[in-house]
Amino acid sequence: MILDATCQLDYQVTEDVPAIFMLRPRSGWAQWVMREEFHIHPQVPVVEFTDVYGNLCQRTVMPPGNFHLSVQYRVQVPDLADEDLMAPVMLVQQLPTELLHYLLPSRYCQSDQLLDVALAIVGDMPQNYHMVAKIRSWIHHQIRYEFGCSDSSTSALETVQTKRGVCRDFAHLGISLCRALNVPARMVVGFLYDLKPMDLHAWFEAFIGGRWFTFDATEPLTRGNRIVLAYGRDATDVALATMFGNFTMQNMNVTVSTVKDRPEWY
């Protein structure tokens, strides 16, 4: 499927505020960026760099007053999420060195405190794709999706205790439970077609069988038609806007449509 996605952000600042945005998707095996536009007002210098996770980051300084940023993309994405039911969990000693940090606890993913929960979920299941799928299914059925029940400080451990959360919390919990079982896992943020209500979305990926697979515990079944913006250990690494000063967000608007729905580039 070919998707058109937009994100508009409006801020008000009273002083120069350094900022880092993470709003440009990268082409790869999972998606191909066909068109892209990036607009800011007022016009200020922007420096782009690639962070340690391969994400494209835009560095700028927002001047006092109103600051507007908008992006729009046309991206070709798979209709279905890949599956390989027999993909094995790799032994730690066989993992690529650059993935080992995805096994460690992180700020919002206390995997070192969730081993008992993870073992209770998977039991003596074979150590393959099914094990991660079981974790995803358990979260979907045991954790209630509820707006406003968590905030930017909520961790996976708290989500297990309260049994409620939003997409960010579901992803953190999935990551934590995978890492507790020595499965590398990372957080992903981006766009999901036909998400209701429409917003930016978060999910997780697990490294099994020598590659990354997508898992989304907010859905009955993980589907495709998603645009990836950024990867990281947890929400700390994938903030789409990081500000170093005082600001007020006045508006945020996200849209995702198919080219069939909106055939002209806008």
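The values are calculated or read from the model by the stated rules, or taken from the named source; none is laboratory data. None of the values given here were measured: they were computed from a predicted structure. Positions of Cβ are backbone-derived with ideal geometry, glycine not excepted, and every protein chain shown enters the neighbour counts.
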If a residue must be more than 17 Å from HIS201 (Cα to Cα) and either buried (at least 16 other Cβ atoms within 10 Å of the Cβ) or not assigned by TED's automatic domain parsing to the domain that holds MET198 (or both), how many such residues does the range 157-181 contain?
10
Tell me the residue from GLY224, GLY245 that is in contact (Cβ under 8 Å) with a residue 40 or more places away in the chain, in a loop (DSSP other than H, G, I, E, B) and not assigned by TED's automatic domain parsing to the domain that holds MET131, please.
GLY245
Hits in the range 24-52 (condition: surrounded by 13 or more Cβ atoms within 10 Å (Cβ to Cβ) and modelled with pLDDT under 95):
ALA30
Out of (1) under 23 Å from the mean Cα position of the chain (by Cα); (2) of a type outside the set (Lys, Arg); (3) assigned to a loop (DSSP other than H, G, I, E, B), the odd one out for GLU36 is which?
(3)
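With the condition kept exactly as written, say whether any residue in the range 120-131 is of a type in the set (Gly, Ala, Ser), surrounded by fewer than 20 Cβ atoms within 10 Å (Cβ to Cβ) and either out of contact with any Leu (no Cβ under 8 Å at 6 or more places or on another chain) or free of Cβ contacts under 8 Å to residues at least 24 places away in the same chain (or both). Please lay out each step first, then the result.
At the first step, the residues of the range 120-131 found to be of a type in the set (Gly, Ala, Ser) are 120, 123.
Going one step further and asking which of them are surrounded by fewer than 20 Cβ atoms within 10 Å (Cβ to Cβ), we end up with 120, 123.
Retained after the next criterion (residues that are either out of contact with any Leu (no Cβ under 8 Å at 6 or more places or on another chain) or free of Cβ contacts under 8 Å to residues at least 24 places away in the same chain (or both)): 120, 123.
Yes - at least one qualifying residue is present in the range 120-131.
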Does the range 82-94 hold any residues that are under 24 Å from the mean Cα position of the chain (by Cα) and either in a strand (DSSP E or B) or free of Cβ contacts under 8 Å to residues at least 24 places away in the same chain (or both), and which are they?
PRO88
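Return yes when LEU104 is within 23 Å of PHE191 (Cα to Cα) and at pLDDT 95 or above and no when it is not.
Numbers: within 23 Å of PHE191 (Cα to Cα): no; at pLDDT 95 or above: yes.
Against the criterion (within 23 Å of PHE191 (Cα to Cα) and at pLDDT 95 or above), LEU104 does not qualify.
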If I filter the range 139-162 down to residues being touching a residue at least 40 places away in the same chain (Cβ under 8 Å) and in a helix (DSSP H, G or I), which single residue comes out as nearest to ALA239 (Cα to Cα)?
ALA156
Of the numbered conditions (1) in the same structural domain as PHE147 (by TED's automatic domain parsing); (2) surrounded by fewer than 15 Cβ atoms within 10 Å (Cβ to Cβ); (3) at pLDDT 95 or above, GLN250 satisfies every one except a single condition; which is it?
(1)
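In the range 107-152, which residue that is of a type in the set (Ser, Thr, Tyr) and at pLDDT below 95 is farthest from the chain's Cα centre (by Cα)?
First, pick out the residues of the range 107-152 that are of a type in the set (Ser, Thr, Tyr): 108, 111, 129, 137, 145, 150, 152.
Cutting the leftovers down to at pLDDT below 95 gives us 150, 152.
Working: SER150: 17, SER152: 14 Å.
Among them, the one singled out is SER150.
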Go through the range 39-81 residue by residue and tally those that are in a strand (DSSP E or B) and either more than 13 Å from LEU3 (Cβ to Cβ) or among the aromatic types (Phe, Trp, Tyr) (or both).
22
Any hit, the range 62-77, residues being surrounded by 17 or more Cβ atoms within 10 Å (Cβ to Cβ), outside the structural domain of PRO184 (by TED's automatic domain parsing), touching a strand residue (DSSP E or B) at 6+ places or on another chain (Cβ under 7 Å) and over 23 Å from VAL228 (Cβ atoms)
yes
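Could you list, in sequence order, the residues of the range 20-30 that are outside any loop (DSSP other than H, G, I, E, B) and touching a Leu at 6+ places or on another chain (Cβ under 9 Å)?
In the first step, residues of the range 20-30 are kept if they are outside any loop (DSSP other than H, G, I, E, B); the result is 20-24, 28.
Those that are outside any loop (DSSP other than H, G, I, E, B) and touching a Leu at 6+ places or on another chain (Cβ under 9 Å): PHE21, MET22, LEU23, ARG24.
Does LEU229 count as more than 15 Å from the chain's Cα centre (by Cα), outside any loop (DSSP other than H, G, I, E, B) and not assigned by TED's automatic domain parsing to the domain that holds TYR73? Write out each step before concluding.
Working: more than 15 Å from the chain's Cα centre (by Cα): no; outside any loop (DSSP other than H, G, I, E, B): yes; not assigned by TED's automatic domain parsing to the domain that holds TYR73: yes.
Here the answer is no, as LEU229 does not meet what is asked.
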